[in-house]
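Notes to accompany the following structure.
The values are calculated or read from the model by the stated rules, or taken from the named source; none is laboratory data. The shown structure was predicted, so the numbers you read here are calculated from the model rather than taken from an experiment. Neighbour counts are summed over all protein chains in view; Cβ atoms, including those assigned to glycine, are modelled from backbone coordinates with ideal geometry. Heads up: the accessible areas ignore ligands, DNA and RNA and are worked out on the full protein's heavy atoms, side chains in. Shrake-Rupley method; radii C 1.70, N 1.55, O 1.52, S 1.80 Å.
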Amino acid sequence: MAALCHNLAGLAHSRGEFAAGERWSRRSLALRRAGHPAGHPAIIADEAHLAALLHAQGRHGEADPLLRHAIAYFTHRHGPEHHEVAVNLHNLASVRAALGDLAEGEVLYRAALAGKRASLGAEHPDTALTLHNLAVVVADRGDTSEAYVLAERAYRILAATVDGGHPALAAAADNRRRLQVPS
């Protein structure tokens, strides 16, 4: 039943129905906590999923500790360059940036980027998404020349790996255009 609730939460999340996803995620988490010992991987995965749903609803302060717990757990279990660590670092970076902590957001995005390069490769579209988000934070911090280099790299990877109408490619193109220094 917990797996079903987890999957329904994921479906709601993909549809942008974040409040409904949160309800399913909390149900899954309650069932897993009742059926597993504390610290079980399924509980940690559900906490990380709940954090993503909370973040999507603008409840960044609630998402932050859940993501930090997931990062600590997955780092201890799998090592710092594991994909689960990178995904949760990326999500925490997004939370920190949304809270206005650009310095920590940048550090976390850079760590996520290293993990995604190690686990997925430098040319993977998910690696490009982290590059893109890092470029946004670096630009917001005021370094538009580095941000452009990051945005250009993200755009090139996505242009080579995703469909021409993909929303991530459109976002990367817009970001690159916004950061381009006029000649």
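Step by step: first the residues of the range 167-183, then only those that are in contact (Cβ under 8 Å) with a residue 40 or more places away in the chain and more than 22 Å from Asp101 (Cα to Cα), then the one that is nearest to the chain's Cα centre (by Cα). Which residue is that? Filtering the range 167-183 for residues that are in contact (Cβ under 8 Å) with a residue 40 or more places away in the chain and more than 22 Å from Asp101 (Cα to Cα), the one nearest to the chain's Cα centre (by Cα) comes out as Ala168. Within the bounds of the range 141-155, is there any residue that is open to solvent by 50 Å² or more (accessible area, probe 1.4 Å), without any contact (Cβ under 8 Å) to a residue 40 or more places away in the chain and either outside any helix (DSSP H, G or I) or under 26 Å from His49 (Cβ atoms) (or both)? There is at least one residue in the range 141-155 that is open to solvent by 50 Å² or more (accessible area, probe 1.4 Å), without any contact (Cβ under 8 Å) to a residue 40 or more places away in the chain and either outside any helix (DSSP H, G or I) or under 26 Å from His49 (Cβ atoms) (or both).
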